[in-house]
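Note sheet for the following structure.
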Amino acid sequence: MTLDLEVLEAVFTNEGNDLRTTTEENVVMLVFLRHFGCVFCREALDDFSQIKEELKRLNIKLIFVHMAEESYGDQYFKEYSLEAEEHISDPDMTLYEYFGLQKGTFRELYGLKVWSRAINLKFGMDTKKPLGNMKQMPGVFLLKSGKIINSFTHKSASEKPDYLEIAKLTCSNSPKSNS
């Protein structure tokens, strides 16, 4: 799916880079997070802290999208050793909506499977200030040259994708460059 390049030009990371140029220069894994107080969001950040070097070896640039103010994002990413990764603050959730990410239903957010998985996380049921809309569902999009080349949208808040597998599938399906 091709994205509106003007929209991508209007979206800037915390480093001042626009999303269009960044996708022209890199394969970008654009990770839309739930609110920072969510145990599954914290699990995802922990997962990315463990695989960030492998993503770099695959030549994939990691960019996070969150609903908090940029300074709060900086704090959370530092906590997970992800401070070098760029992020986009989207408190009004315009980018979430543009990428088609929905608000979760009661079952998707609080169903039995969600609770049973949350209880078993190493983060426990420790709740923090949400810093975003608690109903917003997450998603992952691989972008290249303004196009979505792969994606994963969560069917429940507790769903845990294999981020490396998504990246490797994308790399194996994309044409190889001779440069």
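The values are calculated or read from the model by the stated rules, or taken from the named source; none is laboratory data. Quick caveat, the model's predicted, so the values are computed rather than measured. In this analysis, Cβ positions are derived from the backbone assuming ideal geometry, glycine residues included, and neighbour counts consider all displayed protein chains.
Quick notes on this structure:
- Number of positions in segment 60-69 that are modelled with pLDDT of 95 or more and surrounded by fewer than 22 Cβ atoms within 10 Å (Cβ to Cβ): 2
- Boolean, Ser81 is touching a residue at least 24 places away in the same chain (Cβ under 8 Å) and on the phi > 0 side of the Ramachandran plot: yes
- Extreme residue, surrounded by the fewest Cβ atoms within 10 Å (Cβ to Cβ), among residues of segment 86-95 that are free of Cβ contacts under 8 Å to residues at least 60 places away in the same chain and out of contact with any Asp or Glu (no Cβ under 9 Å at 6 or more places or on another chain): Asp92
- One residue stands out in segment 1-19 among those that are in a strand (DSSP E or B) and at pLDDT 95 or above: the one that is nearest to Ala157 (Cα to Cα), namely Phe12.
- Hey, Leu55 under 22 Å from Asp162 (Cβ atoms) and either modelled with pLDDT of 95 or more or buried (at least 20 other Cβ atoms within 10 Å of the Cβ) (or both) or not: yes
- Within segment 20-53, the set of residues being assigned to a loop (DSSP other than H, G, I, E, B) and acidic (Asp, Glu) is empty.
- Selection status of Glu83, modelled with pLDDT of 95 or more and either among the basic types (Lys, Arg) or loosely packed, with under 15 Cβ neighbours inside 10 Å (or both): yes
- Note on segment 33-53: residues that are under 15 Å from Ala84 (Cβ atoms) and touching a residue at least 40 places away in the same chain (Cβ under 8 Å) total 2.
- Qualifying position, being touching a helix residue (DSSP H, G or I) at 6+ places or on another chain (Cβ under 8 Å), surrounded by 14 or more Cβ atoms within 10 Å (Cβ to Cβ) and on the phi < 0 side of the Ramachandran plot, among Tyr98, Tyr72: Tyr98
- Cβ pairs under 9 Å, 6+ apart, first in segment 96-112 and of a type in the set (Ser, Thr, Tyr), second assigned to a strand (DSSP E or B) and modelled with pLDDT of 90 or more: Tyr96/Phe32; Tyr96/Val65; Tyr96/Gly139
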